[in-house]
Amino acid sequence: MDNLHSSDVPNGEKDSNEKVIRKRRSSVFQSRASTFNECEGVSFGETAKAVDAVKNTSEVLQEENFNLKEYIMCLKNEREEWIDTLKQRKAQRKNLTKEKLHFESQGQLLDLSILTDCEKAFIRSKPNYQYICRNYKKLLDITVKLSVLHNKVYKLNQRFISQMEGKLHRITEKVIEISRS
């Protein structure tokens, strides 16, 4: 068991350890001046200075309360600036993606003048992979269509053969009947 909940701890210490400070959100943003208690062991003349310091801090607090409105306005302006920055960055990103797609669709231009003859020959003999890929996709589509057509033709041929076998069987039966009579 915890030491906080044991019977050895007096009730006063339990309450002070378990005390939770709950504040409203509006009280968190208020500025406060902390005053140091210099009255202990200090002469009377120095305590008057401490009282003056407390008065000065209360005046500072009033100025800070007035500055709170300016601070809120500053925050609103900053928010508007961030919104504008966001809009600009979205537009910039959109333009950059358009440029990227445009450059990708154009392809890359090669300057072969800086290469040696051997390197130029190697590059010229290199297959055009983009062309091959496009043709591969077209070939794949055509292959799928051909396989579907092949299946349909096979089914039609099977149906035609079964119909012809049926007609041939009927004609054979008629020929046999005519020959018997």
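The values are calculated or read from the model by the stated rules, or taken from the named source; none is laboratory data. Because the structure is predicted, anything quoted here is derived from the model rather than measured. Positions of Cβ are generated from backbone atoms using ideal geometry, with glycine treated the same way; all protein chains shown enter the neighbour counts.
List the pairs whose first member sits in segment 157-180 and is free of Cβ contacts under 8 Å to residues at least 24 places away in the same chain, whose second member is not in a helix (DSSP H, G or I), and whose Cβ atoms are under 9 Å apart, counting only residues at least 6 apart or on separate chains?
From residues that are free of Cβ contacts under 8 Å to residues at least 24 places away in the same chain, there are no pairs.
Let's see how each residue does on (1) of a type in the set (A, V, I, L, M, F, W, C); (2) over 29 Å from the mean Cα position of the chain (by Cα); (3) at pLDDT 95 or above:
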| position | (1), (2), (3) |
| --- | --- |
| R79 | no, no, yes |
| D84 | no, no, yes |
| Q130 | no, yes, no |
| C133 | yes, yes, no |
| D141 | no, yes, no |
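Looking at (1) modelled with pLDDT under 95; (2) in a helix (DSSP H, G or I); (3) surrounded by 10 or more Cβ atoms within 10 Å (Cβ to Cβ), which is the only condition L110 fails?
(2)
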